[in-house]
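The values are calculated or read from the model by the stated rules, or taken from the named source; none is laboratory data. Owing to the predicted nature of the structure, the values given are computational and were not obtained by experimental measurement. As a convention, Cβ positions derive from the backbone with ideal geometry for all residues, glycine included, and neighbour counts pool all protein chains shown.
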Amino acid sequence: MEPLTRTLRTAALLVFAVSLRAPVGAQSPPRRLVVLLAHADDETAASPALARYAREGVQVYMVIATDGSGGSGSQTYVQRSDSGPVGDALVKARVEEARCAAAALGVQEPVLLAFPDGKLGDYLGDRTLLYRLTDRIAKEIERLRPDVVTTWGPDGGTGHPDHRLVSDIATQLHRAGAPGMPERLVYMYLPAEAFRLANPQRAEPPMLIPQAKYFTVHVRFTPGDLEAAKKAIACHHSQFTAETLQRFLPAMQRLWNGAVPFIPGSPAVSGDDLFR
Ligand SMILES: [Zn+2]
């Protein structure tokens, strides 16, 4: 064979091999992000980032563990100063609010697991309940097979026992390599200042919030993403009064400063020495 012919033939074979691996016009499946939350409105901590990824074509699913029935008392991180709906009316309202927020952010219909609000911390004292919740969350992860999972940090972000337990379960599934659980787990937080501004009457110290140096992932967002986030937050009528939103939204905007910070939940320490 002539050298040139041989070269052309090799090139043709290479093109053929590449075309087998990536057929022309083939689309990779959309990426998926699961946001594992204790309550409808928890997505507020990461909402501009969720809007951004939804806008970029990522399938974003909010999986909400509780039914929202306890969301009008002292357990909420941004308290209402007036009286909102209670009982079944509150549960119904919060389902609608979750759907409203999902639509505002452009994410998928929320997945509502309807466990009792404000009670997840008690599950630690009952293994049957703990396993039931773990199994339910594991099934959703296996069904959705996300590329990334985000949830509250192990401290619950605001210290809320419900937040702590969903974080604990997500971390456990991640470490155990549960079916469908991706390598990428990141923790979200409400900025400490925003928490303080929204809760001037609360005594919790900002020591609940990790030091800035641990936030090593900063997801930038556009002004349009921020507008979507503001609309989503305003959906949660049962949780935020207009007056609270007026204080809270500008504070969140200032604190985010164009990027939502996250802490990686995947192990950062490796090698053969704990100190290196
Ligand atoms: Zn919450």
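Of all residue pairs spaced 6 or more apart or on separate chains, those with beta-carbon atoms under 6 Å, a first member in region 154-173 that is near the ligand (Cβ under 10 Å from one of its atoms) and a second member that is assigned to a loop (DSSP other than H, G, I, E, B) and at pLDDT 95 or above are Asp162/Ala38; His163/Ala38; Val166/Ala38. Among the residues of region 244-276, those identified as among the hydroxyl-bearing types (Ser, Thr, Tyr) and part of a loop (DSSP other than H, G, I, E, B) are Ser266, Ser270.
Cβ-Cβ contacts under 7 Å between residues 6 or more apart (or on different chains), taken from a first residue in region 234-262 that is at positive phi to a second residue that is modelled with pLDDT of 95 or more and in a loop (DSSP other than H, G, I, E, B), are listed as Gly258/Phe221. When region 146-169 is filtered for residues that are surrounded by fewer than 21 Cβ atoms within 10 Å (Cβ to Cβ), part of a loop (DSSP other than H, G, I, E, B) and over 14 Å from the mean Cα position of the chain (by Cα), the ones remaining, listed by number, are Asp155, Gly159.
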